[in-house]
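Engineer: The structure that follows is given in the form of structure tokens.
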Amino acid sequence: MEQYQPESLSAAQAAAMRRSLASGRGALTRRSLLRATGYGALAAGSLAALSGCGIPPAKREGGGPADTDHSAKEKRLTFSNWTQYIDVSDDEKSRPSLQDFTRRTGIAVKYTEDINDNVEFFGKIQPQLAAGQDTGRDLICVTDWLAARIIRLGWAQPLDPGNLPNAYANLSAQFRRPDWDPGRAYSYPWTGISTVIAYNVKATGGRKVDSVTQLLDDPKLKGKVSFLSEMRDSVGMTLLDLGKDPGAFTDADFDAAAGRLKKAVDTSQIRRFTGNDYTADLSKGDIAACLAWAGDVIQLQADNPDIRFAIPSAGYITSTDNLLVPAGARHKTNAEKLIDYYYELPNAARLAAYINYVCPVDGVRGELSRIDPELAKNTLILPDKAMAAKSHAFRSLSADEETAYEQKFAKITGA
């Protein structure tokens with residue numbers, strides 16, 4: 001287990017977090033813009049939470065840390081997730097899948113949309129976890145790099161396969177063995193997040209754009225290209241284009257990819273680095289081609305027939321948002337039952353139909369067809385074997401690597 005030391009943000013990591021809060025995946029919901037109210041205070045507070053000292057651990061109702069599972073006597077659980085990352089009723093007053101889970105199991109779910117950014121959320125729960133206290137949450141959903149850190153620090157509970165028969169059987173092969181949790185002993189993916197190339201066929205003059213080389217070098221695209229402000233996505237896609245494995249690259253490989261990106265910035269080939277805010281420019285044609293997240297592409301295509309996507313022959317980057325049970329959680333078995341519930345095919349289909357990200361559940365196509373036949377055909381939601389074979393995960397980074405790489409990337413993006 002990694003020995004825990006109080007963590008502070010390097011300047012590069014703080015800049016990366018600001019990018020995410022301002023324009024990255026943390027800035028927009030999976031379906032629509034986050035409500036702006038209070039967001040600036042949230043961003044400032046999260047930086048203080050991670051860089052400050054002496055944060056008092058939050059007290060858990062009922063006394064000291066939870067050493068045992070209270071699921072049998074306490075038919076409830078608390079689930080922390082991202083905003084609008086679950087199915088919602090037409091009147092937006094209920095979450096049908098959670099209601100069905102409660103009706104079936106008798107387990108009440110306190111569902112909290114209190115994750116706006118991975119770093120900010122880690123700042124909330126880190127003091128309790130470090131002190132061996134219950135965070136007040138039984139299930140959390142965090143992106144793979146943070147899931148890796150929590151597991152490495154010993155702050156996630158190992159899952160009981162006996163409570164996860166559907167999850168164990170139905171998890172797609174593509175997601176079974178991440179380097180940070182081989183065999184999924186501590187986590188199961190909520191969704192996959194694919195980084196692809198998107199382009200506006202009207203803005204490209206009818207030409208297809210299907211490689212990072214085109215984005216970086218094609219003079220006809222000069223000034224009309226954007227890359228993502230998330231380092232793992234932009235560098236990872238460039239590594240693939242260089243013939244390097246994002247799951248096993250060296251410092252020299254990283255520097256080669258960073259050098260390619262810097263050259264494209266210096267020559268004004270790349271217009272800017274963005275989060276989800278590329279969507280408006282791409283739809284209007286101000287950006288002709290870009291790196292994009294698959295969920296955004298699906299939603300853009302619903303409104304604009306000129307939006308296309310391509311999977312480079314070199315491959316593409318896939319990350320995951322993952323469900324974990326934090327150390328000290330009081331209702332581990334109840335949380336495992338909820339994880340397993342979302343790996344039942346009808347429930348997985350309902351979730352995929354609403355959020356439009358990659359479904360990590362095998363065999364769900366038939367159920368999704370009953371909800372929306374077009375979504376069931378969409379390889380951005382259900383990758384076929386050929387597409388899945390091209391997916392690559394960005395390898396886990398040490399704390400020193402993360403700081404060094406973010407510093408280099410920040411110089412390129414001007415953050």
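Engineer: Within the range 361-375, is there a residue that is out of contact with any helix residue (DSSP H, G or I) (no Cβ under 6 Å at 6 or more places or on another chain), open to solvent by less than 30 Å² (accessible area, probe 1.4 Å) and in a loop (DSSP other than H, G, I, E, B)?
Structural biologist: No; the residues of the range 361-375 include none that is out of contact with any helix residue (DSSP H, G or I) (no Cβ under 6 Å at 6 or more places or on another chain), open to solvent by less than 30 Å² (accessible area, probe 1.4 Å) and in a loop (DSSP other than H, G, I, E, B).
Engineer: If you go through the range 165-188, how many residues are on the phi < 0 side of the Ramachandran plot and open to solvent by less than 30 Å² (accessible area, probe 1.4 Å)?
Structural biologist: Counting residues in the range 165-188 that are on the phi < 0 side of the Ramachandran plot and open to solvent by less than 30 Å² (accessible area, probe 1.4 Å) gives 8.
Engineer: Still on this structure, I have one more. Would you please list the contacts, defined by Cβ atoms under 8 Å and residues six or more apart or on different chains, that run from a residue in the range 275-304 that is on the phi > 0 side of the Ramachandran plot to a residue that is open to solvent by 20 Å² or more (accessible area, probe 1.4 Å) and of a type in the set (Lys, Arg)?
Structural biologist: So the pair list comes out as 285/202.
Engineer: Right, here's the next one. When you scan the range 106-115, do you find a residue that is free of Cβ contacts under 8 Å to residues at least 60 places away in the same chain and on the phi > 0 side of the Ramachandran plot, even just one?
Structural biologist: Yes: the range 106-115 contains one or more residues that are free of Cβ contacts under 8 Å to residues at least 60 places away in the same chain and on the phi > 0 side of the Ramachandran plot.
Engineer: Right, residue 380: touching a helix residue (DSSP H, G or I) at 6+ places or on another chain (Cβ under 7 Å), farther than 30 Å from residue 74 by Cβ and assigned to a loop (DSSP other than H, G, I, E, B) or not? If you could, list the steps in order and put the result at the bottom.
Structural biologist: Numbers: touching a helix residue (DSSP H, G or I) at 6+ places or on another chain (Cβ under 7 Å): yes; farther than 30 Å from residue 74 by Cβ: yes; assigned to a loop (DSSP other than H, G, I, E, B): yes.
Answer is yes for this residue.
Engineer: Here's a follow-up. Within the range 405-415, count every residue that is polar (S, T, N, Q) and open to solvent by less than 50 Å² (accessible area, probe 1.4 Å).
Structural biologist: 1
Engineer: Checking the conditions here, which among 349, 314 is small (Gly, Ala, Ser) and either open to solvent by less than 30 Å² (accessible area, probe 1.4 Å) or not assigned by the TED database to the domain that holds residue 278 (or both)?
Structural biologist: None of the other options fit; the residue is 349.
Engineer: Among the candidates 348, 292, 353, 314, which residue alone is under 24 Å from residue 385 (Cβ atoms), in a strand (DSSP E or B) and among the small types (Gly, Ala, Ser)?
Structural biologist: One residue alone meets the criteria, 292.
Engineer: Now, a different point. How many residues are assigned to a helix (DSSP H, G or I) and either acidic (Asp, Glu) or at pLDDT 95 or above (or both) when one looks only at the range 248-282?
Structural biologist: Of the residues in that region, 18 qualify.
Engineer: If you don't mind, another one. Can you name the number of the only condition in (1) open to solvent by 20 Å² or more (accessible area, probe 1.4 Å); (2) under 18 Å from residue 227 (Cα atoms); (3) at pLDDT 95 or above that residue 306 fails?
Structural biologist: (2)
Engineer: Please specify each residue of the range 211-250 satisfying the condition of being open to solvent by 60 Å² or more (accessible area, probe 1.4 Å) and closer than 18 Å to residue 281 by Cβ.
Structural biologist: 220, 222, 224
Engineer: Name, by its number, the condition in (1) part of a strand (DSSP E or B); (2) modelled with pLDDT of 95 or more; (3) under 20 Å from residue 319 (Cβ atoms) that does not hold for residue 193.
Structural biologist: The single condition residue 193 does not satisfy is (2).
Engineer: Looking at residue 374 and the list (1) within 27 Å of residue 350 (Cβ to Cβ); (2) touching a residue at least 40 places away in the same chain (Cβ under 8 Å); (3) of a type outside the set (A, V, I, L, M, F, W, C), which single condition is not satisfied?
Structural biologist: Tallying (1) within 27 Å of residue 350 (Cβ to Cβ); (2) touching a residue at least 40 places away in the same chain (Cβ under 8 Å); (3) of a type outside the set (A, V, I, L, M, F, W, C), residue 374 fails exactly one: (2).
Engineer: On to the next question. Among the residues that make up the range 325-346, is at least one of them touching a strand residue (DSSP E or B) at 6+ places or on another chain (Cβ under 6 Å), under 30 Å from residue 244 (Cβ atoms) and surrounded by 19 or more Cβ atoms within 10 Å (Cβ to Cβ)?
Structural biologist: no
Engineer: Go through the range 147-162 residue by residue and tally those that are surrounded by 19 or more Cβ atoms within 10 Å (Cβ to Cβ) and assigned to a helix (DSSP H, G or I).
Structural biologist: Final tally of qualifying residues: 5.
Here's the yes/no breakdown for (1) farther than 24 Å from residue 185 by Cα; (2) under 16 Å from the mean Cα position of the chain (by Cα); (3) at pLDDT 95 or above:
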| position | (1), (2), (3) |
| --- | --- |
| 325 | no, no, yes |
| 332 | no, no, yes |
| 335 | no, no, yes |
| 339 | no, no, yes |
| 342 | no, no, yes |
| 347 | no, no, yes |
| 365 | yes, no, yes |
| 370 | yes, no, yes |
| 380 | yes, yes, no |
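Engineer: To continue, here is another question. Looking only at residues that are basic (Lys, Arg) and in contact (Cβ under 8 Å) with a residue 24 or more places away in the chain in the range 198-210, which one is nearest to residue 285 (Cα to Cα)? Even if it seems obvious, please write down each step before you answer.
Structural biologist: Initially, the range 198-210 is screened for residues basic (Lys, Arg), giving 202, 207-208.
Pick out the ones that are also in contact (Cβ under 8 Å) with a residue 24 or more places away in the chain and you get 202, 208.
Details: 202: 7, 208: 14 Å.
So the residue we want is 202.
Engineer: Moving on. Would you check if residue 402 is crowded, with 18+ Cβ neighbours inside 10 Å, under 30 Å from residue 128 (Cα atoms) and within 20 Å of the chain's Cα centre (by Cα)? Talk me through it step by step, then tell me what you get.
Structural biologist: Details: crowded, with 18+ Cβ neighbours inside 10 Å: yes; under 30 Å from residue 128 (Cα atoms): yes; within 20 Å of the chain's Cα centre (by Cα): yes.
Here the answer is yes, as residue 402 does meet what is asked.
The values are calculated or read from the model by the stated rules, or taken from the named source; none is laboratory data. This is a predicted model, so every value here is computed, not measured. Because the Cβ atoms are built from the backbone with ideal geometry, glycine has one as well, and the counts that use them run over all protein chains shown. The protein model used for the area step is the full one, side chains on, heavy atoms only, and it has no ligands, DNA or RNA in it. Shrake-Rupley method; radii C 1.70, N 1.55, O 1.52, S 1.80 Å.
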